[in-house]
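**Student:** Mind looking over this structure? Questions follow.
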Amino acid sequence: MGRLTLKVLTPAAEVVAREVDSVNLTATGGEVGILPGHAPLLAELRPGAARYVDGSAKGALAHSDGFLEVSGDTVLVLVQAAESAGEIDIERAKARLAESQTRAADGSLSGDERAAAERSVAKQQARIAVSG
């Protein structure tokens, strides 16, 4: 079986650039698993966890919303932010999750405000999942 080239880019940095065996990401339509030989794909990502396998090693990043492109055996992830487990302050993520959940439950929010609050909930849940 071949390998994939995984690149995770934010506006500030190239966060990941490595060869991997597989990648799993959360697109707006659901979970996407990518193996070598995957069909070309362009998808919108929602905040979540990018998980990858490299031999017996596993890695994960919490990421914001963005885009995924699969072309050949290259997986390009373009997001506003991405953090590894070691970069995440778990207590801060839990506090932000509680704030975001309270905000998302506010019945007076507009549709756009509710969507932003729900994205924040998803982002904090991913940060907690990756760090734990």
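**Student:** List the pairs whose first member sits in the range 73-92 and is under 14 Å from Gln125 (Cα atoms) and among the small types (Gly, Ala, Ser), whose second member is part of a helix (DSSP H, G or I) and open to solvent by less than 30 Å² (accessible area, probe 1.4 Å), and whose Cβ atoms are under 6 Å apart, counting only residues at least 6 apart or on separate chains?
**Tutor:** Every condition considered, the pairs that remain are Ala85/Val130.
**Student:** Considering each of Arg51, Arg46 in turn, give the residue that is in contact with a helix residue (DSSP H, G or I) (Cβ under 7 Å, 6 or more places away or on another chain) and touching a residue at least 12 places away in the same chain (Cβ under 8 Å).
**Tutor:** Within the list Arg51, Arg46, the selection yields Arg46.
**Student:** Of (1) open to solvent by 50 Å² or more (accessible area, probe 1.4 Å); (2) more than 10 Å from the chain's Cα centre (by Cα); (3) closer than 20 Å to Gly30 by Cβ; (4) not basic (Lys, Arg), Glu91 satisfies all except one. Which?
**Tutor:** Unmet condition: (3).
**Student:** I would also like to ask the following. From the residues in the range 1-17 that are in contact with a strand residue (DSSP E or B) (Cβ under 6 Å, 6 or more places away or on another chain) and open to solvent by 30 Å² or more (accessible area, probe 1.4 Å), which one is nearest to Gly66 (Cα to Cα)?
**Tutor:** Looking at residues that are in contact with a strand residue (DSSP E or B) (Cβ under 6 Å, 6 or more places away or on another chain) and open to solvent by 30 Å² or more (accessible area, probe 1.4 Å), I get Leu9.
**Student:** Inside the range 17-132, counting only strands (runs of 3 or more DSSP E) that do not spill past its ends, which hold 3 or more residues that are under 23 Å from Leu4 (Cβ atoms), at pLDDT 90 or above and out of contact with any His (no Cβ under 6 Å at 6 or more places or on another chain)?
**Tutor:** On the way: elements: 22-27, 30-34, 41-45, 48-54, 57-63, 66-71, 74-79, 82-84.
Counting at least 3 such residues, we get 22-27, 30-34, 41-45, 48-54, 57-63, 66-71, 74-79.
**Student:** Report every pair of residues separated by at least 6 positions or lying on different chains whose Cβ atoms are under 9 Å apart, first residue within the range 93-104 and farther than 10 Å from Ala117 by Cα and of a type outside the set (Val, Ile, Thr), second open to solvent by less than 90 Å² (accessible area, probe 1.4 Å) and not in a helix (DSSP H, G or I).
**Tutor:** Ala93/Ala62
The values are calculated or read from the model by the stated rules, or taken from the named source; none is laboratory data. Bear in mind the structure is a predicted one, so any value in this text is a computation, not a measurement. All Cβ positions, even for glycine, are placed from backbone atoms using ideal geometry, and neighbour counts span all protein chains on display. These accessible areas exclude ligands, DNA and RNA; they are computed on the full protein's heavy atoms, side chains included. Shrake-Rupley method; radii C 1.70, N 1.55, O 1.52, S 1.80 Å.
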